[in-house]
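Report on the structure given below.
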Amino acid sequence: MAISYNGLWKLLIDNEKKKMDLINDLGISSSTIAKMTRGENVSLSVLEKICEEYDCDFGDLISYDRRHKK
């Protein structure tokens with residue numbers, strides 16, 4: 001698992017939001033949330049929706065860790 005969405009999870013906590021809020025407020029599917037929870041790839045359009053909602057950049061949401069490269 002080379003992709004980490006820890007930035008997104010921290011952003012949600014800081015904004016007192018839950019993963020369900022991404023589903024309900026932004027229309028992101030539960031399967032996409034599950035992929036992010038497992039550190040899997042998701043489309044840039046999903047990340048774009050989140051960035052627009054929370055006024056942030058992709059780098060605020062995700063990071064890449066070479067040590068966990070598949």
### Query
Scanning for something outside any helix (DSSP H, G or I), touching a residue at least 12 places away in the same chain (Cβ under 8 Å) and acidic (Asp, Glu), does the stretch 11-31 turn up at least one residue?
no
### Criterion: modelled with pLDDT of 95 or more and surrounded by fewer than 15 Cβ atoms within 10 Å (Cβ to Cβ) - qualifying residue of Ile13, Ile50, Ile33
Ile13
### Message
Pull out all pairs, ordered by first then second residue, where Cβ-Cβ is under 7 Å, the residues are six or more apart or on different chains, the first lies in the stretch 35-57 and is under 24 Å from Glu16 (Cβ atoms), and the second is surrounded by fewer than 17 Cβ atoms within 10 Å (Cβ to Cβ) and among the aromatic types (Phe, Trp, Tyr).
### Response
Leu47/Phe58; Cys51/Phe58
#### Entry: Residues satisfying the stated conditions in the stretch 34-63, i.e. in a helix (DSSP H, G or I), more than 19 Å from Asn24 (Cβ to Cβ) and small (Gly, Ala, Ser)
Gly59
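The values are calculated or read from the model by the stated rules, or taken from the named source; none is laboratory data. No experiment lies behind these values; they were computed from the predicted model shown. A quick note on method: Cβ atoms are made from the backbone with ideal geometry, for glycine too, and the neighbour counts reach across all protein chains shown.
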